[in-house]
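Read-outs throughout are calculated quantities, based only on the coordinates presented, and are distinct from any laboratory measurement. These numbers come from a predicted model, not from an experiment. Note: ideal-geometry Cβ built from the backbone for every residue, glycine included; neighbour counts use all protein chains shown.
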Amino acid sequence: MSQKKWYQMSTEETLQSSGTEPSKGLTMEESEKRLAAYGKNELAEGQGVSPVTLFLNQFKDFMVLVLAGATLVSGLLGEYLDAVAIIAIIIMNGILGFVQEFRAERSLRALKELSAPNAKVLREGQVELIPARWLVPGDIVVLESGDRVPADIRFIETNGLYAEESALTGESVPVAKHTAPLEGEDIPLGDQRNVGFMGTMLTRGTAKGVVVRTGMATEMGKIADLIQNTDATETPLQHRLEQLGKILIVVALALTVMVVVAGILHGQEPYGMFLAGVSLAVAAIPEGLPAIVTIALALGVQRMIQRKAIVRKLPSVETLGCASVICSDKTGTLTQNKMAVTHLWTGGELLEVTGNGYDPRGDILKQGQHVDVRKNQMLRRLLQVSVLCNNAELREERAESKKNQPDDETEGVWSIKGDPTEGALVVLGAKAGVTQQSLEGLYRRIVEFPFDSERKRMSVIVEHQGGRMVCTKGAPDVLVQQCAYVLWDDKIIPFTPTLKQKVMAANEGMAKNALRVLGLAYRDLKLTERSEEETAVESQLVFVGLTGMIDPPRKEAREAILKCRKAGIRTVMITGDHQTTAEAIARQIGILPQDGLALNGQQLSAMSDDDLDKRIGEVYVYARVSPEHKLRIVKSLQRQGHVVAMTGDGVNDAPAIKAADIGIAMGISGTDVSKEASALVLSDDNFATIVSAIEEGRGIYENIRKFIRYLLASNVGEILTMFLAMLAGLPLPLVPIQILWVNLVTDGLPAMALGVDQAEKDLMQQKPRLAKENIFARRLGWKIISRGILIGLCTLAAFYITLKQGGDGPGALVKAQSVAFVTLVMAQLIHVFDCRSSRSIFHRNPLQNKWLVMAVVSSLLLMLPVLYVEKLQPIFKTVPLGVMDWVLVLVFAGIPTFLMGIGSLMSKPRKRKPASYGGGGAKAMKPVVR
Ligand code: ATP
């Protein structure tokens with residue numbers, strides 16, 4: 001008999017053939033054995049570039065090959081020393097390029113590792129979160145709405161489960177999943193309703209399942225080759241720089257040809273001129289640029305990780321710097337998500353709850369007097385519903401040292417496992433003696449209709465001795481619509497419009513004090529009633545009361561919002577919570593200005609896109625919104641020219657996160673679906689982290705501009721020195737090997753050190769840059785050309801003066817070339833400090849960037865031996881310089897930077913565009929050209 005397929009087996013058969021215990025899962029030992037036998041739960045990746053290939057690639061460049069060929073020829077002609085030295089420099093250059101690219105590659109790989117998925121698995125009776133790649137067949141995984149299925153799984157328990165399997169089946173409508181065995185052979189994947197496939201998404205419900213296939217054995221593994229082509233990691237800036245690099249190659253080559261032709265016309269020896277030309281081309285082509293950009297991006301991304309922001313898509317690093325609006329969730333992002341019930345309302349009476357955080361010690365008071373729960377039937381029911389319709393758990397953790405002393409009376413730390421809103425209700429119950437343990441024996445849960453932010457409510461059906469009961473909790477405005485009765489004076493009476501109004505007034509009163517309000521209701525179910533349909537079950541309910549909980553704002557939120565305002569970035573709150581609560585919190589933390597508007601989901605639905613576009617600049621708070629509203633808000637803001645950063649955590653937030661320019665997901669509370677749609681994940685769910693990420697994003701972009709300025713100005717200087725000398729009919733100011741050495745000494749380390757430079761102080765006091773801004777904008781192009789020309793002219797001047805002083809003999813030429821060589825290097829090493837500032841060298845402490853100081857010192861250490869070590873002098877055609885020569889060198893090397901610096905000090909400070917913000921918000925900001 002052929003073996004039964006997984007979908008044909010019953011759940012018992014599945015568990016039996018997987019050799020796993022449903023309540024315990026696998027043992028650690030067994031899971032390790034299986035991991036060794038089945039391998040990691042990973043899809044095979046395409047082969048990366050090997051380090052050897054990466055190294056050899058460094059020598060594939062056309063001009064480098066020409067240089068190597070020409071050097072070999074000169075070696076054959078007898079210039080051994082020259083040939084060996086030039087080849088050595090080519091190899092050193094290759095090593096530098098290799099190190100840069102290897103680092104870049106490694107950092108990118110490390111980033112990928114960071115966003116690897118996790119899975120909740122039952123091992124030795126405990127549910128643990130482990131990297132999904134460690135799953136083995138037989139593991140029992142626990143899944144909920146928003147999770148990505150981590151392996152192929154046979155479901156053994158499902159609760160209103162739906163999965164979206166378009167990645168495998170092409171069917172984008174989520175399909176219901178269950179646990180019943182299927183009959184028949186060769187059932188198509190789309191119809192295998194009791195199996196969850198790796199890589200598909202759970203859009204609703206909860207489930208447990210046994211892993212039946214992992215890694216390449218999964219259905220996804222079978223088509224892995226088709227999905228290998230993951231997102232290209234090249235950022236728009238990298239792409240533009242690549243194009244620029246191509247243009248620069250052509251320009252450098254054309255100039256080099258002109259230098260060679262001018263030299264030959266002025267009587268230079270053609271072969272020597274050719275070699276000088278090729279060396280110049282090799283030096284002038286900024287081949288290191290792409291690798292340095294990647295390193296700057298990758299190192300910046302690592303700094304962001306330290307600041308708790310994980311970048312999932314490299315291009316978003318650039319976009320971050322352009323963000324002009326942040327749309328943020330409230331709960332957990334702007335607030336602490338540490339809920340505590342402080343008020344209750346039932347039967348027309350407001351009660352107070354005392355206590356601290358999740359500590360279950362506290363009291364319920366009416367006008368300052370203790371309320372006896374045993375004598376208050378309405379309150380008892382309210383607490384029962386709160387605790388029964390709940391998935392959170394209260395835990396006390398004792399310090400390690402106290403664990404072995406059960407009699408120890410000292411306090412542990414109370415924490416919540418699960419949703420903090422529900423946790424607050426468990427704590428509330430515990431304060432009055434209505435604990436989960438006390439209800440466990442009396443009530444057995446049979447069905448759950450999970451909470452989701454669309455429905456804004458949750459229900460459970462429980463069985464008890466007397467029958468069955470449905471318990472529901474949710475947003476009061478939603479819940480009252482499901483209620484036909486109310487518990488009043490210990491009696492169930494019809495929920496009249498007057499009573500409804502009383503409830504809503506109480507709700508409003510609590511919300512005004514920034515409390516998050518939840519309504520509670522219940523009803524007895526008739527035995528004949530069907531329990532599968534939530535709409536039927538959640539109707540005709542008996543309203544019991546309200547709970548109001550505080551969720552204090554995060555301490556850092558206010559300051560971060562202020563920082564955004566100074567940086568020309570508007571902060572907008574988008575929340576599922578009640579409008580009054582949202583407004584109160586938004587005012588507390590400085591989001592909602594005096595004249596700012598708040599809109600709720602209903603108002604939003606009634607508005608046309610045109611209306612929304614007109615008002616959007618004034619709205620700072622959107623309350624009671626559904627996920628689809630978020631998408632409308634993003635699109636409208638984008639139509640106004642904004643670059644939008646938008647947070648989200650639920651399954652249904654994914655479209656808005658995707659549509660935003662920077663989609664942000666929550667690392668702690670976010671679903672896999674939202675994380676995968678996002679460009680940035682906040683590992684601490686904190687709003688302030690978004691602001692840090694934007695700050696880093698701006699800093700990274702400015703650093704890229706800094707080293708582009710440095711490299712290009714240096715290259716302009718090098719080419720001009722040679723070009724002008726040839727035009728003027730002077731001898732060669734630099735011999736080929738000197739040109740190559742200048743390139744090696746100045747291009748590599750200082751440029752990399754600029755890539756990790758600290759940001760300028762006013763980085764977050766400027767308007768966001770425009771998304772389509774040219775990299776040479778804000779006077780960068782002018783700085784490159786002006787500094788480059790000055791470096792070229794000054795080097796040539798130092799060369800010319802020394803040549804004339806020496807009286808035109810061959811000795812004088814060698815000396816003048818040495819002076820030109822050192823002037824060029826020094827001018828670049830001084831200019832590198834100027835590149836740190838958007839104003840001038842006098843505006844920043846040059847010693848602040850210790851990497852740069854170290855890089856410049858090492859460049860000097862590479863240059864000085866060339867002058868002063870006797871054995872090297874014939875190779876580099878140099879002579880040692882005396883004190884007066886150094887004075888000349890330093891004066892001319894300093895002119896390009898200091899002259900421009902003094903100029904900028906004397907000129908009126910350029911008006912820096914201040915950040916715009918305030919009432920006008922979007923209107924006040926210049927639209928970004930899309
Ligand atoms: P944000 O969107 O800022 O994260 P939020 O958490 O309030 O805010 P939702 O999670 O969509 O947004 O919640 C919307 C409303 O649903 C809440 O105001 C509350 O009344 C209700 N609610 C929240 N959590 C639960 C829950 N676990 N069970 C029942 N109702 C809930």
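Between region 790-858 and region 699-730, how far is it from one alpha carbon centroid to the other, in angstrom? The distance from the Cα centre of region 790-858 to that of region 699-730 comes to 12 Å.
So how much slack lies between LYS761 and ARG307, counting 0.36 nm per residue of separation and subtracting their Cα-Cα distance, in nm?
Details: separation 454, 0.36 × 454 = 163.44 nm, distance 1.82 nm.
Taking 0.36 nm per residue and subtracting the Cα distance, the gain is 161.6 nm.
Within 10 Å of each candidate Cβ there may be at most 12 other Cβ atoms; applying that plus a DSSP loop requirement, which trypsin sites (Lys or Arg not before Pro) in region 517-614 survive?
Those that pass, being in a loop and sparsely packed, are LYS526, ARG530.
For ARG213, the residues whose amide H sits under 5 Å from its own are ASP152, ignoring neighbours fewer than 5 places away on the same chain, with H placed 1.01 Å from N. Using only Cα atoms, find the angle between the long axis of helix 270-284 and the longest principal axis of the chain, and express it within 0 to 90 degrees, rounded to the nearest 10. Between the helix axis and the principal axis of the chain, the angle is about 20 degrees. Remark on MET573: its backbone amide H falls under 5 Å from those of SER328, VAL621, TYR622, a criterion applied only to residues 5 or more positions apart or on other chains, H modelled at 1.01 Å from N.
With θ taken as phi - 60° and the Karplus curve 6.51 cos²θ - 1.76 cosθ + 1.60 applied, the whole-hertz 3J(HN,Hα) list for region 118-124 is 10, 9, 8, 10, 8, 10, 6 Hz, x standing for glycine and proline.
Report the net charge of residues surrounding SER683, where surrounding means a beta-carbon distance below 13 angstrom and charges are Lys +1, Arg +1, Asp -1, Glu -1.
Numbers: positive: ARG307, LYS308, ARG312, LYS675; negative: ASP684, ASP685.
Local charge sum for SER683: +2.
Rounded to the nearest whole Hz, the Karplus-based 3J(HN,Hα) values (6.51 cos²θ - 1.76 cosθ + 1.60, θ = phi - 60°) of region 746-755 follow the sequence 9, 6, x, 5, x, 5, 5, 5, 5, x, with x at glycine and proline.
Using θ = phi - 60° in the Karplus curve 6.51 cos²θ - 1.76 cosθ + 1.60, the 3J(HN,Hα) couplings for region 318-335 round to 5, 4, 3, x, 9, 4, 10, 9, 10, 9, 10, 5, 8, 5, x, 9, 8, 10 Hz; x is entered for Gly and Pro. Per-residue ellipticity at 222 nm, computed for the chain from helices alone with -39500 (n - 2.57) per DSSP H run of at least four residues, works out to -14500 deg cm²/dmol. Taking label positions 7 Å along the Cα-Cβ direction at both VAL173 and GLU440, the computed distance is 4.3 nm, reported to one decimal.
Helix 579-588 and the longest principal axis of the Cα set of the chain meet at an angle near 40°. Counting other Cβ atoms within 10 Å of each Cβ, which GluC sites (Glu not before Pro) in region 415-506 have at most 15 and sit in a DSSP loop? Loop-located and lightly packed - GLU454.
Percent antiparallel among DSSP beta bridges with both residues in the chain, to the nearest 5?
For the chain, the DSSP antiparallel bridge percentage is about 80.
Using C-alpha pairs under 8 Å with a sequence gap of at least 6, the mean separation divided by the residue count of the chain gives a relative contact order of 12 percent. A cysteine counts as unpartnered when no other cysteine's C-beta lies under 4.7 Å of its own; in the chain this applies to CYS322, CYS327, CYS483, CYS564, CYS794, CYS835.
Filter the cross-link list LYS366/LYS555; LYS614/LYS635; LYS366/LYS491; LYS563/LYS614 down to pairs whose alpha-carbon distance in this structure exceeds 24 Å. Working shown, then result.
Numbers: LYS366/LYS555 31 Å; LYS614/LYS635 13 Å; LYS366/LYS491 20 Å; LYS563/LYS614 26 Å.
Those over the limit are LYS366/LYS555; LYS563/LYS614.
Taking the Cβ of VAL853 as the centre, find all other residues whose Cβ is under 14 Å away and add up their charges (Lys, Arg: +1; Asp, Glu: -1). Intermediate values should be presented prior to the final figure.
Values: positive: ARG836, ARG844, LYS850; negative: ASP757.
Neighbourhood net charge equals +2.
In straight-distance terms, cross-link reach from LYS804 covers every one of the lysines whose alpha-carbon lies under 17 Å from its own, apart from those fewer than eight places away in the same chain; here that gives LYS815.
For the chain, the longest principal axis of the alpha carbon atoms and the long axis of helix 236-265 meet at an angle near 0°. Have a look at TYR271, LEU720, LEU680 and report the one farthest towards the positive end of the charge dipole of the chain, computed about the Cα centre with Cβ charges (Lys/Arg +1, Asp/Glu -1). Checked the options; the winner is LEU720.
Can you give the extra length, in nm with one decimal, that the chain gains between LYS24 and ILE785 once fully stretched, where that is 0.36 nm per residue apart less the Cα-Cα distance?
On the way: separation 761, 0.36 × 761 = 273.96 nm, distance 7.03 nm.
Roughly 266.9 nm would be gained on extension.
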